[in-house]
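Structure record follows, encoded as structure tokens.
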Amino acid sequence: MGDAVLIQNHLASQEEMGLVKKNLALSSEKIVLPEKEARDKPKWEGITFCVFQDESQLKVLMSLIDKELSEPYSIYTYRYFVYNWPDLCFFALDGDRYVGVIVCKLEATREGLLQGYIAMLAVDVEYRKRGIGKALSELAIEAMAMKDAAMIVLETELSNKPALALYQSLGFIRERRYLRYYMNGVDAFHLKLMLHDLGALSLNED
């Protein structure tokens, strides 16, 4: 699947991620990351985050993504993700305005390991270069890590340099290249982030 032009250059602290861990289960409430000292305040100051809650959010999710992604999706594609993995779909809000979204899933591989997948990520054009895309990515990665994901993968357009820069800053590596992967004929990179040492996992299972 495709992904939007993404935002970069904000790395949440361990303190922030600790707070996120406590709040991820509170799907009916917004996740508010803590404020820092004035000189250290993040670019997304004033932005709050929440997980997908119900059908009423589906229309805004589709609106955010359809404007930005290289491929059109049917409503059934969106429902597949948000109804099966609602706790892996996060929104960014400025007050009551939805300004960003990330959509993910988590499934078992043939080897029996849990693999996360970032399917869609989009940020409203007016809110780019504020670290919102990276903050959403970190929330999703943390949520999948808490569910014992061994790795997280995704595809992004070869020409999408902001997306590649973002994911590389989060630790993703380029694993392979897919020729003419998208409907528009553009190649894609398959990226992977390892969360666990697979060798250590094998030893533990033995």
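Rounded to whole Å, give me the distance from the Cα center of segment 117-133 to that of segment 60-103. Between the Cα centre of segment 117-133 and that of segment 60-103, the gap is 11 Å.
Would you mind checking 67/129; 134/192; 59/147; 67/147; 59/161 for any pair whose Cα atoms are more than 25 angstrom apart? Present the calculation step by step, with values, prior to reporting the outcome.
Values: 67/129 17 Å; 134/192 16 Å; 59/147 27 Å; 67/147 31 Å; 59/161 28 Å.
In this structure, 59/147; 67/147; 59/161 lie more than 25 Å apart at Cα.
Could you list 66, 54, 87 in order of exposure, starting from the residue whose Cβ has the fewest other Cβ atoms within 10 Å? Spell out each step's value before the answer.
Values: 66 13, 54 10, 87 17.
Fewest to most other Cβ atoms nearby, the residues stand as 54, 66, 87.
Arrange 107, 157 by Cβ neighbour counts within 10 Å, fewest through most, would you? Don't skip to the end; give the middle numbers.
On the way: 107 12, 157 21.
The most exposed by this proxy come first: 107, 157.
Between residue 183 and residue 80, the simple label model (points 7 Å from Cα in the Cβ direction) yields a spacing of 1.3 nm.
Any idea what the dipole of segment 85-144 comes to, in debye rounded to 20, about its Cα centre with Lys/Arg Cβ at +1 and Asp/Glu Cβ at -1?
Working: 7 positive and 9 negative charges, 44 e Å.
My answer is approximately 220 debye.
Length available on full extension from residue 174 to residue 192: 0.36 nm per residue minus the Cα-Cα distance, which gives 5.8 nm.
Set the Förster radius R0 to 35 Å, insert the Cβ-Cβ distance between residue 165 and residue 55 as r into 1/(1 + (r/R0)^6), and round the FRET efficiency to 0.05. List each step's numbers first, then the result.
Values: r = 35 Å, r/R0 = 0.99.
Step by step, r from the Cβ atoms, then E = 0.50.
In terms of overall dimensions, segment 105-206 has a Cα radius of gyration and Dmax of 14.8, 52 angstrom.
Every number in this text was worked out from the coordinates using simple rules, so none of it is lab data. Since this is a predicted model, take the numbers as computed values, not measurements. Quick reminder, even Gly has a Cβ in these numbers, built from the backbone with ideal geometry, and neighbours come from all protein chains shown.
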